[in-house]
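Following: one structure in structure tokens, then a few remarks.
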Amino acid sequence: MESKVTNNSDTMTLEDLLSFSNFQELYAEDYGYGGTINDMRKKEFSRIGDVVYLDNVGTALFPESLLQRFMADLSENVYGNPHSNNLSSRLTHDTIEHVRYRILQHFNTSADDYTVIFTSGSTAALKLVADIFPWTPDSPDNAGSHFCYLTDNHTSVVGMRGAMKILNIPSTPVTPEDLLLSELETKTTENQHDSTSHLFCYPAVSNHSGTKYPLSWIGKVKSGKIKPISVPGNWVVLLDAASFVSTSPLDLSIYQPDFVTISFYKIFGFPTGLGALIVSNEIAHLLRKNYFGGGTAAAYLSKEDFYVPKESISSRFEDGTVSFLDIIAVKHCFDTLHTLTGGMEKIRNHTHALARYTYSVLSALRYANGQPVIQVYTDTEVRTYDVQGPIINFNVLDENGDIIGYSQVDKMASLYNIHFRTGCFCNSGACQKMLGISSDEVKRNLQAGHICGDNMDIVNGRPTGSIRISFGFMSTFEDAQVFLKFIVNTFIKRSSYCTAKIYDVEKIARINQSQKESNSEQISSINGKISEDVIAPTNPTFSRFSEAENICACKGRGNVSKNDKPITLSHIYLYPIKSCAAFQVSQWPVVEQGLLFDRTWMVVNENGVCLSQKQETKLCLIRPSIDLIQNIMIIHAYGMSPLEVPLNDESKMTVQICQSKVCGDRVHTYDCGDESANWLSSVLGRKCRLIRQSSVFSRIAGAKKKGLLEATLPSLSLVNEAQYLLVNTASIFQLSQQIPLSDQTDHTEENHIDQMTQRFRANLVMDSNIPFQEEEWAEVFIGSLHFQVSGKCTRCQIICINQSTGEKRGEILQTLSSSREGKTTFGMYLLNSPCSSYPSLLRVGTEVSFIQKETQQNVHSNKESLEK
């Protein structure tokens, strides 16, 4: 049956709606800069490859010719410090002044009316306004100045109220509705002869929803036709234009705010760390300054309070040496952008065509039961470029109309190489309004652990944020098409697979038995196989292992549950090099950090940043193994001679200890040398190095959350969250039954289950007949070892990578999400219990027992009652 969507009153097939011919019929006149967009993408943005970049509000992407022009300039000229007077310095000074002129020309004004003050970005420009504005403090004769800001403002604007608090200046949030109502109610334009200055700040476009606020407000607020609040005095307008000017023209000859803030990377993608405050010359003489830095003084004395600023407005407020090379780059930014696009009007038309088309398709998408697929958050129903920027803010709904968490959608999008932004986008006011989140909810969410920028997308059944896509000057129809196909394929077409299948307990048992029989054959062929009789003599550190079966050093092991049919440990895997292939063993030493040598090494890029399969799928084809007899790690890769790395070589290393980060934790590591770096670089086709965690460094599990280092907390290697990851073969089997048969490529069901097991990259695999029973466990016992369950593992796109080939397909993550009510959790994290003794030995075939969460809670409740 052909898929259909509603589009106004017409009915179209999805294929027709998503076709370029349909798009071209509607938007050919505005799109593509006269047909040059595809050539631009090939020549200027080849580095993007198949990435669909939809976070242009976050930053534009720079074209390659921009850097070429800039580097040619730097190669041909000598630019000195502009505060000096030599020839190279004069060249720098004159070029900077030319760039100021070029910026004013871009906004259709001149130095007669405005001055450009360079800052480190729009945030620094906003802070500068807070510092230099002519605030009047409250006094018996004067009510003083007021600072008002639109609730739909970026965090950097709202943060200005912190400076106001120090100055004892009242800060008042104003909604768009308040402003419109003020326009209807205001009857006089007089300022009642009061010279007090008040400041009102609003964004030209909402970075949250894309709503464009009227630029006509500027003149109306300044003239008194609109009053943010009813107080006597003069209103000064600060326009936050950082997002607006990236895709729209701003004509300062028509609309004349007193201050305009911009960031250049938002427009060009380069340079970062440079912005500007554009100041009306009419207000410049009122601005005040306390601090003065190098280059701002006409004269000053160090022994007495004497300081005279330079006459130039820009020189007066640019403390220290400006970022002069970045400023010089801006000249080439303007030249390049105009050459490629023809100007801001054409960029506005191009990006609006893409946004309007994408919005119309998203609004039309429906599930089979008629429920909409997308909930768009916007204040503007008529999507013309006068009222709406190229931003779409939305959440995905399921067939019941419930919101699917943004982090889950983000994970699915990564399978299509789609990059967008999620959360509240540093705009709490708009986020609360659009999502209906009360202030009390924000506080409760914080208490529940949710902070801005994290992946806690649903709290108490309600969303904490949303998804934002935004188009830029280099965006194409294909970007929009891939994104729309992702929504259709992931949520509409796969919704029919959401119904759970009944699992066959006997079939699970047969697969488990088959895997047990093949397991010993697989392990025997692995280079570096260990056995109990060789560990002790060659590794004195591990000469004693606790091998007592079914005995726990912990007191109170009563209340342990066992199934009628015993659960056993069927597989043990360690991953010596983080994100590389697994090393399978039949028995292995367990130490305080977990499995011996598990995630002891990791591969980093030339900037020292950890590489994972998310960025480099070929890592799964690098196969390390540990030989405890020879005391070496042997690394294999196709077409390469094996590489040997000593296990205990840290004392011999002469390279400098370095610091790296793993999941936000800073870890101490050392480099393993050029031989391993060259070997890995050859395999991966990019510069990289092998580093190892320092043995003198302790990374404590949970320390970041607890805020302190407790001696009882387990220590971690270079793992992400916990020392071990445990999965259940019955859970894997049930999940495999949810995947459509057309997506299952393995020849036999046993092979398919084994291949899926490899994708989940667990340390411990247990044979059980009951799917997902592990999620109800609080503690786990495997032979003599006792483990605490620390939580569920939230899966990412790595489970979509075939660990034998490196091929990526999205079915497993999509099926996991649809079959688990939008969540992508699978497997349980375990930590060593303080009561187990180490070193010890873990064996395949050992019986697994557990304590249920409910049982543990009852025990704790009874204990508390007895103590009372």
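The values are calculated or read from the model by the stated rules, or taken from the named source; none is laboratory data. Because the structure is predicted, anything quoted here is derived from the model rather than measured. Note: ideal-geometry Cβ built from the backbone for every residue, glycine included; neighbour counts use all protein chains shown. Keep in mind that these areas ignore ligands, DNA and RNA; they rest on the heavy atoms of the full protein, side chains included. Shrake-Rupley method; radii C 1.70, N 1.55, O 1.52, S 1.80 Å.
In segment 729-740, the count of residues that are in contact with a strand residue (DSSP E or B) (Cβ under 6 Å, 6 or more places away or on another chain) and either open to solvent by less than 10 Å² (accessible area, probe 1.4 Å) or modelled with pLDDT under 95 (or both) is one or more.
Within segment 189-203, is even one residue in a loop (DSSP other than H, G, I, E, B), more than 18 Å from residue 283 (Cβ to Cβ) and at pLDDT 95 or above? So far as segment 189-203 goes, no, none of its residues is in a loop (DSSP other than H, G, I, E, B), more than 18 Å from residue 283 (Cβ to Cβ) and at pLDDT 95 or above. Scanning segment 805-832 for residues that are open to solvent by 40 Å² or more (accessible area, probe 1.4 Å), under 19 Å from residue 415 (Cβ atoms) and in a loop (DSSP other than H, G, I, E, B) yields a count of 5. Taking only segment 240-278 into account, find how many residues are buried (at least 21 other Cβ atoms within 10 Å of the Cβ) and acidic (Asp, Glu). Going through segment 240-278 one residue at a time, the tally reaches 2. Cβ-Cβ distances below 7 Å connect no pair with a first residue in segment 40-64 that is without any contact (Cβ under 8 Å) to a residue 40 or more places away in the chain and part of a strand (DSSP E or B), a second residue that is of a type in the set (Phe, Trp, Tyr) and open to solvent by 20 Å² or more (accessible area, probe 1.4 Å), and a separation of six or more residues or different chains.
When 793, 835 are checked against the criterion of being out of contact with any helix residue (DSSP H, G or I) (no Cβ under 9 Å at 6 or more places or on another chain), open to solvent by 30 Å² or more (accessible area, probe 1.4 Å), on the phi < 0 side of the Ramachandran plot and in contact (Cβ under 8 Å) with a residue 12 or more places away in the chain, a single residue qualifies: 835. Of the conditions (1) in a loop (DSSP other than H, G, I, E, B); (2) surrounded by 19 or more Cβ atoms within 10 Å (Cβ to Cβ); (3) touching a helix residue (DSSP H, G or I) at 6+ places or on another chain (Cβ under 8 Å), residue 79 clears all except one; give me its number. Looking at each condition in turn, residue 79 falls short on (2). The single condition among (1) more than 20 Å from residue 720 (Cα to Cα); (2) open to solvent by 20 Å² or more (accessible area, probe 1.4 Å); (3) at pLDDT 75 or above that residue 688 does not meet is (2).
Listed conditions (1) in contact (Cβ under 8 Å) with a residue 60 or more places away in the chain; (2) farther than 27 Å from residue 248 by Cα are all met by residue 307, apart from (1). Listed by first and then second residue, the pairs with beta-carbon distance under 8 Å, at least 6 apart or on different chains, first residue in segment 758-783 and basic (Lys, Arg), second open to solvent by less than 10 Å² (accessible area, probe 1.4 Å) and modelled with pLDDT of 95 or more, are 761/573; 761/575. Would it be correct to say that residue 845 is surrounded by fewer than 18 Cβ atoms within 10 Å (Cβ to Cβ), at pLDDT 80 or above and within 16 Å of residue 569 (Cα to Cα)? Yes.
In segment 585-611, the residues that are within 22 Å of residue 844 (Cα to Cα) and free of Cβ contacts under 8 Å to residues at least 60 places away in the same chain never reach a residue that is among the charged types (D, E, K, R) and assigned to a loop (DSSP other than H, G, I, E, B) with C-beta atoms less than 8 angstrom apart, at least six apart or across chains. Applying the criterion of being small (Gly, Ala, Ser) and closer than 26 Å to residue 464 by Cβ to the residues of segment 362-404, the residue that is most open to solvent (accessible area, probe 1.4 Å) is 363. Look through segment 94-126, keep the residues that are outside any helix (DSSP H, G or I) and under 18 Å from residue 337 (Cβ atoms), and return whichever of them is most open to solvent (accessible area, probe 1.4 Å). That would be 108.
From the list 87, 54, the lone residue that is under 23 Å from residue 263 (Cβ atoms), at pLDDT 95 or above and either within 23 Å of the chain's Cα centre (by Cα) or among the hydrophobic types (A, V, I, L, M, F, W, C) (or both) is 54. Summed over segment 22-59, the residues that are under 28 Å from residue 422 (Cα atoms) and of a type in the set (Gly, Ala, Ser) give a count of 4. The single condition among (1) open to solvent by less than 60 Å² (accessible area, probe 1.4 Å); (2) touching a helix residue (DSSP H, G or I) at 6+ places or on another chain (Cβ under 9 Å) that residue 55 does not satisfy is (2).
Which one is modelled with the highest pLDDT, of the residues in segment 340-356 that are in contact with a helix residue (DSSP H, G or I) (Cβ under 8 Å, 6 or more places away or on another chain) and open to solvent by 20 Å² or more (accessible area, probe 1.4 Å)? Once the filter is applied, the top-ranked residue is 340.
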